[in-house]
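Single-structure report; data block below.
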Amino acid sequence: MSLMPVDEALTKLLSGVKPLETEYVPLESANGRYLSAPLVSTRTQPPFAASAMDGYAIRHEDLSASRTSLTVVGEAPAGHGFSGTVGNGETVRIFTGAPVPAGTDTILIQENAEREGERITVLENPAKGAFVRPAGLDFSEGDVLLQPPLKLAYRHLALAAAMNHAVLPVHRRPKVAILATGDELVRPGTEPGPDQIIASNHAGIAALVEDCGGQPLDLGISPDEPVALANHVRRAITEKADILVTLGGASVGDHDLVQSVLGQEGMDLAFWRIAMRPGKPLMAGRLGGTKVLGLPGNPVSSLICGLLFLKPLMQAMLGQTPEQSGPQQAILASSLPENDRRQDYVRATLSRSANGDLVVTPFSRQDSSMLNLLAKSGALVVRPPHAPALEAGAEVPILVL
């Protein structure tokens, strides 16, 4: 079987994926969730002409070229408007956010007024309408102010609250079941046997799932045994996982059982083996209503494949437009050799030059087991198949981590 190009594999993976259904969550629980329907304002903001400063509400026509003296006839704190009408030569002490009293049209800020008892003297004439926020300055009832696709953040939630929405429509979060496989793996915090290592992929993939707006479901570690592996897979289906991610065991070795067990459980295989480095033994398919993504066992391969394939899959389920890799350009700080037939994702540090250009410095070693280097990386240099050798100073596409 020939290796499938990355772009073709991603297109096939996302084909037919639709956003998950809508659920309604309290405003205080909506941070980081993905809006699924337009949000329409239920009110006008501000609902009345309001003062933008502490000072005095005045009639601009009362101002004269020389010093003006006005009589204070009341007070308007926020939340308690002045109920009377302001006549000729009169003013109302007003505070920020309070309704502008009937008959006035301008705010004289308190720094430009001198008060003695119930009289003020205008020290500096304001422009007509100064410091008055008209009704509807921010928005009006019926305005559509928030539209999907949108990941809700603090500024959106503040606006939704001002629109008087206590409950928001969002896409249900994808449930992602994560299954590590291999007799050689033990949990972090466990003392490994003489031929074992600490499992690490599941922790990174679970964090990626959360970062992308999903719910990770840890299925634990399955030994290299068909019955045990099948039981873990069945749990993912029972738990109604939207995506099942397997870690390791998808290659062709005698102990790589994942693909065969999934096939016996009814998986429809979409593709297997991608023309990329790291991550060639990537597998994708569908098991009933669950998308299956089989990631490589090598830690770096697993995490990079998660970034390139799992993240876009989740974005599609959340109504987002999946981000494409390599949208930015950077200057290469050291040379790179000619590439072979696989698309390469080269781990590199990221910095800025004196003139502000992004600069990438690839690590000299690119072994797919070296998590330490991936943790230190700021970007992946994207090297297309058969890319020519490049010297320092060349411009290259990068995926910022």
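Could you work out the pair-distance distribution P(r) of the chain from its alpha-carbon pairs, with 10 angstrom bin width and percents rounded to whole numbers?
P(r) for the chain, in whole percents per bin: 5, 18, 19, 17, 12, 9, 10, 7, 3, 0.
Ordering 48, 82 by accessible area with a probe of 1.4 Å, largest first, what comes out? Write down the numbers at each step before the final one.
Values: 48 80, 82 50 Å².
Largest accessible area first, the residues go 48, 82.
How far apart, in nanometres, would the label points at residue 186 and residue 110 be if each is projected 7 angstrom from Cα along the Cα-to-Cβ direction?
Spacing of the two 7 Å Cα→Cβ label points: 6.9 nm.
How would you order 187-195, 353-361 from highest to lowest mean count of nearby Cβ atoms within 10 Å? Mind dumping the intermediate values first?
Values: 187-195: 8.9, 353-361: 13.2.
The most tightly packed comes first, giving 353-361, 187-195.
Between 156, 386, 80, where does the largest GNM mean-square fluctuation fall for the chain, given springs only between Cα atoms within less than 10 Å?
80
Output the relative contact order of the range 204-363, whole-number percent, from Cα pairs under 8 angstrom with separation of 6+ residues. Working shown, then result.
Details: 226 pairs, mean separation 28.8, N = 160.
Relative contact order comes out at 18 percent.
Express the relative contact order of the chain as a whole percentage, based on alpha carbon pairs under 8 Å and six or more residues apart in sequence.
Numbers: 915 pairs, mean separation 64.2, N = 401.
This gives 16 percent for the chain.
Compute a Gaussian network model of the chain, connecting alpha carbons closer than 10 Å, and tell me which residue from 286, 352, 115 fluctuates the most.
Top of the fluctuation ranking is 115.
What FRET efficiency comes out for residue 40 versus residue 286 if R0 is 35 angstrom and r is the Cβ-Cβ distance? Round to the nearest 0.05. Don't skip to the end; give the middle numbers.
Numbers: r = 37 Å, r/R0 = 1.05.
Using R0 = 35 Å, I get an efficiency of 0.40.
Taking the chain as a Gaussian network, Cα atoms linked when under 10 Å apart, which of 122, 346, 209 shows the biggest mean-square fluctuation?
122
Treat each spin label as a single point 7 Å out from the Cα along the C-beta direction, and report the residue 65 to residue 395 distance in nm.
About 6.3 nm separates the two model spin labels.
Each residue of the range 100-107 in turn: what ³J(HN,Hα) in whole Hz from Karplus with 6.51, -1.76, 1.60 and θ = phi - 60°, glycine and Pro shown as x?
3J(HN,Hα) across the range 100-107, in whole Hz: 6, x, 4, x, 9, 9, 8, 10.
Sorted by packing (mean other beta-carbon atoms within 10 Å per residue), highest first, where do 374-381, 15-22 land? Show your work: numbers first, answer last.
Working: 374-381: 19.4, 15-22: 12.9.
Result, highest mean first: 374-381, 15-22.
Would you list, by chain and number, the lysines whose Cα falls below 20 Å from the Cα of residue 240, excluding same-chain residues fewer than 8 positions away?
18, 175, 291, 311
Rounded if a/c is under 1.5, else prolate if a/b beats b/c, else oblate: with a ≥ b ≥ c from the C-alpha gyration tensor eigenvalues square-rooted, which is the range 219-378?
Working: a/c = 2.57, a/b = 1.87, b/c = 1.37.
Note, shape of the range 219-378 comes out prolate.
Report P(r) for the range 239-317: all Cα-Cα distances, bin width 5 Å, range 0 to the bin holding the largest distance, values in whole percent.
3, 16, 28, 28, 18, 7, 1, 0
For the range 304-388, which semi-axes, largest first and in whole Å, follow from the square roots of 5 times the eigenvalues of its Cα gyration tensor? The partial results should precede the final answer.
On the way: eigenvalues 107, 56, 40 Å².
Largest first, the range 304-388 gives 23, 17, 14 Å.
In the chain, what % of DSSP beta bridges are antiparallel (nearest 5)? Intermediate values should be presented prior to the final figure.
Details: 56 of 84 bridges.
Percent antiparallel among DSSP bridges in the chain is about 65.
Sort the following peptides by mean Cβ neighbour count (other Cβ atoms within 10 Å, averaged over residues), highest first: 367-373, 292-298.
On the way: 367-373: 14.7, 292-298: 25.3.
Averaged packing, sorted descending, gives the order 292-298, 367-373.
What residues have an amide H closer than 5 Å to that of residue 104, excluding those fewer than 5 places away on the same chain, when H is modeled at 1.01 Å from N in the peptide plane?
86
I need the shape label for the range 339-381. Rule: rounded when a/c is under 1.5, else prolate if a/b > b/c, else oblate, with a, b, c from the alpha carbon gyration tensor. Display every interim value, and only then the final one.
Numbers: a/c = 3.09, a/b = 1.52, b/c = 2.04.
It is oblate, given that a/c is not under 1.5 and a/b is not larger than b/c.
For the chain, what is the accessible area per residue in Å², given a 1.4 Å probe and the full set of protein chains? Present the calculation step by step, with values, prior to reporting the outcome.
Values: 19130 Å² over 401 residues.
Heavy-atom SASA per residue in the chain reads 48 Å².
Taking a 1.4 Å probe, which of 267, 314 shows the most accessible area, and what order do the others take after it? Intermediate values should be presented prior to the final figure.
Numbers: 267 25, 314 0 Å².
If we order 267, 314 from most to least accessible, we get 267, 314.
Give the average over all directions of the projected area of the C-alpha convex hull of the range 74-114, one decimal, in nm².
Details: hull surface 11.6 nm².
Reported value for the Cα convex hull: 2.9 nm².
Mind checking which aspartates and glutamates have their C-alpha under 19 Å from residue 12, skipping anything on the same chain fewer than 8 residues away?
Within reach: 242, 268, 323.
Between residue 353 and residue 25, what FRET efficiency comes out of the Förster formula 1/(1 + (r/R0)^6) with R0 = 51 Å and r the beta carbon distance, rounded to 0.05? Write out the running numbers ahead of the final one.
Working: r = 44 Å, r/R0 = 0.87.
Approximately 0.70, to the nearest 0.05.
Rg and Dmax of the range 280-321, using alpha carbons, in Å: what are they?
11.0, 31
The values are calculated or read from the model by the stated rules, or taken from the named source; none is laboratory data. Computed from a prediction, not measured in an experiment: that's the story for all the values here. Here the Cβ is made from the backbone with ideal geometry for all residues, glycine too, and neighbour counts use every protein chain on show. Surface accessibility is based on the protein's heavy atoms, side chains included, excluding ligands, DNA and RNA. Shrake-Rupley method; radii C 1.70, N 1.55, O 1.52, S 1.80 Å.
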